[in-house]
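Please read the structure below before turning to the comments.
The values are calculated or read from the model by the stated rules, or taken from the named source; none is laboratory data. Quick caveat: nothing in here was measured; it's all calculated off a predicted structure. Backbone-built Cβ (ideal geometry, glycine too); neighbour counts: all protein chains shown. These accessible areas exclude ligands, DNA and RNA; they are computed on the full protein's heavy atoms, side chains included. Shrake-Rupley method; radii C 1.70, N 1.55, O 1.52, S 1.80 Å.
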Protein chains: 2
Amino acid sequence: MQHTLNQTHDPAARSWVASANAQAGDFPIQNLPFSVFRRRNVDETFRGAVAIGDQVIDIAAWASRAGLNGIVGEAARACTQPVLNALFSMGPSAWRALRHALFAALHERAPSEDRAAIEACLIPQSEVEHSLPAQIGDYTDFYTSIHHAANISKLLGMNGVGANFKSIPIAYHGRVSSIGISGQQFRRPAGQIMLPGEEAPIFSPSRKLDYELELGIYIGQGNAAGEPIDLDQADSHVFGLCLLNDWSARDIQAWEMQPLGPFLAKNFATTISPWIVTMEALAPFRLPPPRPDADGKPLPYLDSDRNSTTGAIDIQLEVCMETSRHRAGNLPATQLSRTSFKHQYWSIAQMVAHHAVGGCNLRPGDLLGSGTISGPQRSEAGALMELARNASEPVTLGTGEQRSYVEDGDAIILRGYCEKAGFARIGFGESRGEVLPAKRSR
Amino acid sequence: MQHTLNQTHDPAARSWVASANAQAGDFPIQNLPFSVFRRRNVDETFRGAVAIGDQVIDIAAWASRAGLNGIVGEAARACTQPVLNALFSMGPSAWRALRHALFAALHERAPSEDRAAIEACLIPQSEVEHSLPAQIGDYTDFYTSIHHAANISKLLGMNGVGANFKSIPIAYHGRVSSIGISGQQFRRPAGQIMLPGEEAPIFSPSRKLDYELELGIYIGQGNAAGEPIDLDQADSHVFGLCLLNDWSARDIQAWEMQPLGPFLAKNFATTISPWIVTMEALAPFRLPPPRPDADGKPLPYLDSDRNSTTGAIDIQLEVCMETSRHRAGNLPATQLSRTSFKHQYWSIAQMVAHHAVGGCNLRPGDLLGSGTISGPQRSEAGALMELARNASEPVTLGTGEQRSYVEDGDAIILRGYCEKAGFARIGFGESRGEVLPAKRSR
């Protein structure tokens, strides 16, 4: 899939939806991300939407009103359902056709009847709620930031990143049932914890609850079992990206994870943002793959041309914490870190190609986590354990509070956006998750 | 859930379906396992069935014909769907009511009109095919045989089972998309392999493809996020059991699994048997938990009464291999091993209670793998790597062929049944999976 630029990337394009033209808004006419929504406090089903400015477009309603037909009509009507798997399965040409039709109808020079059809299907974002945009068949979490791997290794007193890190986009399967949409609240997990110097584990609520800043990657079209996906086709199997918080209980993880990996430490909650930013909208922000020449070439199925447009993406990311004291004092959440996805060692295309190379079948709506996104600087770390150096240097918040891990009542807010001179800002909205106290034992 | 015996366990009960009364049959009137089926070469949808002798009962058709109502009718009509999740979600009293109604109508003393209603809904098993009986939301694979853990540890030159084995029913999340029903054929997986003495991995079809003998455990009713399942309630959340082959590529696994566990080594295929044997049918074969007193007590959330009826289950299991030479010579498959599930260190109830204790929500239709089932004797090993001692002592088959791992064209057949004096035999049918050659690289 070539990420060539087209008229939807024109920074001069403006919409007749005035809020879409705001300076630092997430959802200009050049973005057009997808979600599912319903109006709050109205008895109706979830269905597909696209964001424009501070509004959502009810896509199925628009399809009826505008009398859409052909591939655009088919794609729009796939959004009638409460999950977007049917749209995902249609493939890039359908996604592109639908997005381009929306772009044309939202453009300030759109014919008045096209404008009228959409206008009747706009609902303010402030009046809607979202749910998971796909039936997620499988959720896979990767481990692809070399800075995160190096930080963790150093903090745990190990000797550098693992021998396989530069060969394999490492991944494991995660839990689907506990994936929640932004606004998710969950109880602090409990589990077995081996305290230092003890010989037997205790059962306790986690004392080392952490977040992990990640991107979520939705598979569009899948592959048949036994039929790998070539690297140069891999991006075309991706519908788009969201923000993802891979909540992690470090103390439960340390005791349980040998020999088969994390389990209860990760499966209590994963929080994702509602809007899926399409790969096409991200095209202006592609960069060459970040693998340094000194690391040599990976195996051929992972080896991409240095000039490839399927390499990195410069997505700016930030993590904020909001404690109950922030809320009580009406203070803005404290920014904990900022980084970019461009530092990630393995690209999305490499993750997809690796996932399928052994014969595993991916299905529309499968979700991949990118793995924690930490940049090269300490301030760019994607987890609190890294920022607070394994609790040795607690982070001070704007409220004066200190944190080495996430406490009850704390909310973690992830935000993301792409920005560069000559292009419109492409925003992701936010993912917000909040920790409730552990269930009291009887 | 008390596993008290009732009239459905009466060994003297006989059915008017003559084949159900055969001496060593899997499906007597005391069993009544569930699956989904359709007639082969007929354009119709999959729907729920119960096995009796050499027949299947089309449950939804029976519900209509017999005019079933109340809880039995509701449970039977839930079998109209192509997956049984709706039935699973109804809970043990509904499952029991449906099974008891079937028992009564199949009994040799059933009223003739009851008999006639079922008779019209019988289809020979030889004329049907099966598909996955549930929409599996999440698949979790456990690691609960201490004999398997000890064997693997010894073969890999490690120092005994892991420090956490006797504290935690260890588990990790597996791949749903590649779970297939008995009859599954799949290509030999390829992946990165680090050969001994080399410094860089190669990409190759696996040279160490293995099977793992397991039971699959279907969750019936789930739990809400953040609401653990008490140990003494855990069995009541299980609908029933099937056979499960957790195909594993040992060479891919060895290189990829640090630090987050197996991924491509396991996610290319998992083969399960079509029939789900209910927990009620297994009640006569319960045994006390096998944890030796010398190991002390586990943490309270895993600690069951030694006299509990929710402990072990004596399910006899066997693994057979059928190569292309067996087929060409019309020879019976070679039995590789036999064991019992009664040796498993952790019980099903303990697996379920552990899974939910941190707050993870289980959903109806979730599938848990028991982990490889190896007994204390060498001949009871549940994987070929154990039987052939890491390829140092290849197994000789009935054809004269030798095997250290599974080769192209080999089929692995799992069988299971419960048998003891004074009770009818309760069979599981079989799970058969066959390895096709790897896809040729371009």
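Entry comment: accessible area of chain A is 36 Å² per residue, from protein heavy atoms only and a probe of 1.4 Å. Inter-copy label distances at residue A:91, shortest first and taken from points set 7 Å along Cα to Cβ: 4.8 nm. For region B:88-93, the Karplus equation 6.51 cos²θ - 1.76 cosθ + 1.60, evaluated at θ = phi - 60°, returns couplings of 4, 6, 6, x, x, 5 Hz by residue, with Gly and Pro reported as x.
Computed with every protein chain present, the accessible area of residue B:108 is close to 90 Å² [probe 1.4 Å]. For residue B:208, the aspartates and glutamates whose Cα falls under 19 Å of its own Cα, not counting residues fewer than eight places away in the same chain, are B:198, B:246, B:251, B:256, B:322, B:386, B:393, B:401, B:407, B:408, B:410, B:434.
For region B:294-383, the list of trypsin sites (Lys or Arg not before Pro) that fall in a loop by DSSP and count at most 12 other C-beta atoms within 10 angstrom reads B:306. Estimated at the nearest 10 Å², the accessible area of residue A:242 is 0 Å² with a 1.4 Å probe.
Distance from the alpha carbon centroid of region A:418-442 to that of region A:384-416 works out to 15 angstrom. Multiplying the residue separation of residue B:108 and residue B:69 by 0.36 nm and subtracting their alpha-carbon distance yields 11.8 nm. Could you tell me which of the pairs A:297/B:439; A:297/B:154; B:342/B:439; A:420/B:266 are separated by over 32 angstrom between their Cα atoms in the structure shown? Among A:297/B:439; A:297/B:154; B:342/B:439; A:420/B:266, the Cα-Cα distance tops 32 Å for A:297/B:154; B:342/B:439; A:420/B:266.
Sorted from nearest, the other copies put their residue A:200 label points 5.2 nm away, the label point being 7 Å from Cα in the direction of Cβ. Ligands, DNA and RNA aside, residue B:113 has an accessible area near 120 Å² when probed at 1.4 Å. Close amide H contacts of residue B:303 (hydrogens built in the peptide plane, cut-off under 5 Å, sequence separation of 5 or more or a different chain): none are found. The loop-placed trypsin sites (Lys or Arg not before Pro) in region B:78-145, going by DSSP, that have at most 15 neighbouring Cβ atoms within 10 Å of their Cβ come out as B:109. Once the partner protein chains are put back, region B:262-277 shows a loss of at least 50 square angstrom of accessible area, versus the chain by itself, at B:263, B:264 (probe 1.4 Å, ligands and nucleic acids excluded).
Phi-derived couplings, Karplus 6.51 cos²θ - 1.76 cosθ + 1.60 at θ = phi - 60°, listed residue by residue for region B:119-132: 4, 6, 10, 8, 9, x, 4, 5, 9, 10, 10, 10, 9, 4 Hz, with x used for Gly and Pro. Between copies, the label points at residue B:314 (set 7 angstrom from Cα along Cα-to-Cβ) are spaced 7.1 nm, reported in nanometres from shortest to longest. Residues whose amide H lies under 5 Å from that of residue B:168, counting only those 5 or more places away or on a different chain, are absent; hydrogens are built 1.01 Å from N in the peptide plane. The residue of chain A whose Cβ sits closest to the rotation axis that maps A onto B, together with that distance in whole Å, is A:261, 1.
Could you tell me how far the Cα centroid of region A:306-368 sits from the Cα centroid of region A:84-145, in Å? Taking the Cα centre of each part, region A:84-145 and region A:306-368 sit 20 Å apart. Counting only Cβ charges, +1 for Lys and Arg and -1 for Asp and Glu, the dipole size of chain B around its Cα centre is about 480 debye. Between the beta carbons of residue B:4 and residue B:303, assuming R0 = 22 Å, the FRET efficiency works out to 0.45 to the nearest 0.05.
Report in % the part of the accessible area of region B:7-131 that belongs to carbon and sulfur, leaving out ligands and nucleic acids; probe 1.4 Å. On region B:7-131, the fraction of accessible area on carbon and sulfur atoms equals 48 percent. Here region B:7-131 is assigned +1 on the Cβ of each Lys and Arg and -1 on the Cβ of each Asp and Glu. Its dipole about the Cα centre then comes out at about 200 debye. Take the accessible area of chain A alone and of chain B alone, subtract that of the pair, and you get about 5000 Å² summed over both chains, using a 1.4 Å probe. Derived scalar couplings between HN and Hα for region A:372-382 equal 3, 9, 10, x, x, 8, 4, 5, 9, 6, x Hz in order, rounded to whole Hz, by the Karplus curve 6.51 cos²θ - 1.76 cosθ + 1.60 (θ = phi - 60°), x for Gly and Pro.
Backbone amide hydrogens, once placed in the peptide plane, bring residue A:174 within less than 5 Å of A:139, A:140, A:141, excluding anything fewer than 5 places away on its chain. Could you work out what % of the accessible surface of region A:139-436 is carbon and sulfur, using a 1.4 angstrom probe and leaving DNA, RNA and ligands out of the count? Heavy-atom surface of region A:139-436 belonging to carbon and sulfur, 1.4 Å probe: 49 percent.
Fully extending the segment from residue A:163 to residue A:314, taken as 0.36 nm per residue of separation minus the present Cα-Cα distance, adds 51.6 nm. For chain B, adding -39500 (n - 2.57) for each run of n ≥ 4 DSSP H residues and dividing by the number of residues yields -5000 deg cm²/dmol at 222 nm. Looking at region B:12-73, the trypsin sites (Lys or Arg not before Pro) that sit in a DSSP loop and have at most 13 other Cβ atoms within 10 Å of their own Cβ are B:40.
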